[in-house]
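Please treat every number below as a calculation from the coordinates, not as lab data. These numbers were taken from a predicted model, which means no experiment stands behind them. Please note: Cβ atoms are built from the backbone with ideal geometry, for glycine as well, and neighbour counts cover all protein chains shown.
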Amino acid sequence: MNTEIKGSEIKYKLAEAMKTCMKTTSVENITVKQIVAECGVSRQSFYRNFIDKYDLINWYFDRLLEQSFKEMGKGETIREGLIKKFTYIRQERLFFTAGFKGDEQNNLKEHDFFMIFEFYCALIREKTGQLPEYKIRKLLEMYCQSSVYMTVQWLMKGMKESEAELADLMIDAMPQPIMELYKEIGLL
């Protein structure tokens with residue numbers, strides 16, 4: 001068996017174990033020992049794949065983010081990608097509720113910010129052939145911070161809006177220069 005596939009299988013197995021542990025224990029109190037006992041792999045296997053439990057949470061989040069945004073810019077709009085992201089978050093609400101509660105080093109909120117900021121910068125570069133100018137980067141930074149905040153609030157307050165409603169709110173909150181750029185390059 002290909003070791004890359006095997007490594008990926010172990011990572012998903014560890015993520016499922018983490019999700020199971022989150023049903024009864026706060027993230028801060030979950031130990032690596034609990035996670036590996038839950039899924040039947042060694043501590044060595046855990047540390048071969050992840051730095052710590054937060055690295056595991058961030059890795060799993062990255063897989064969901066990749067699934068929701070992989071078609072963005074290739075015919076799919078930002079709105080469609082956001083709806084997919086929020087659908088995954090709703091489906092995995094227990095995991096994300098626990099993950100977004102933490103403010104420790106390597107926390108999911110900070111990781112989400114860096115992931116979406118880098119994703120949007122790379123997408124702009126791909127579409128325009130250059131990195132976003134300073135003003136756009138700064139506006140994008142503020143926008144990404146506020147979108148993480150909006151996502152966490154939506155999740156923690158019971159996800160009252162639909163995924164489409166939240167996506168529309170996020171697009172409405174977008175600074176005008178970013179909105180104009182996204183329209184120009186076909187993302188909105």
Subject >> Rg/Rg_globular for region 54-184, with Rg_globular taken as 2.2 N^0.38 Å and Rg from C-alpha atoms >> reply: 1.01
Original post:
Which whole-number percentage describes the relative contact order of the chain, with Cα contacts under 8 Å and a sequence gap of 6 or more?
Top reply: 21
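Could you give the dipole magnitude of the chain about its Cα centre, charging the beta-carbon of Lys and Arg +1 and that of Asp and Glu -1, in debye to the nearest 20?
It comes to approximately 440 debye.
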**OP:** Loop sites only, by DSSP: take the trypsin sites (Lys or Arg not before Pro) in the chain that have at most 12 other C-beta atoms within 10 Å and name the longest stretch containing none of them.
**Re:** 75-156
Original post:
Can you give the helix-only mean residue ellipticity at 222 nm for the chain, where every DSSP H stretch with n ≥ 4 adds -39500 (n - 2.57) and the sum goes over all residues, rounded to the nearest 500 deg cm²/dmol?
Top reply: -23500 deg cm²/dmol
**OP:** Mind giving me the nanometre distance, one decimal, between the label points for K109 and S8, set 7 Å out from Cα along Cα→Cβ?
**Re:** 3.3
Original post:
Angle, helix 163-172 long axis vs. longest principal axis of the chain, Cα atoms, 0 to 90°, nearest 10?
Top reply: 40
Subject >> Charge-dipole axis of the chain as Lys and Arg at +1 and Asp and Glu at -1 on Cβ define it, positive-most pick from G129, S162, S26 >> reply: S26
**OP:** Based on other C-beta atoms within 10 Å, arrange M170, M18, M159, M142 from fewest to most.
**Re:** M142, M159, M170, M18
Subject >> Of Q145, I51, L181, farthest towards positive along the dipole that unit charges on Lys, Arg, Asp, Glu beta carbons give the chain >> reply: I51
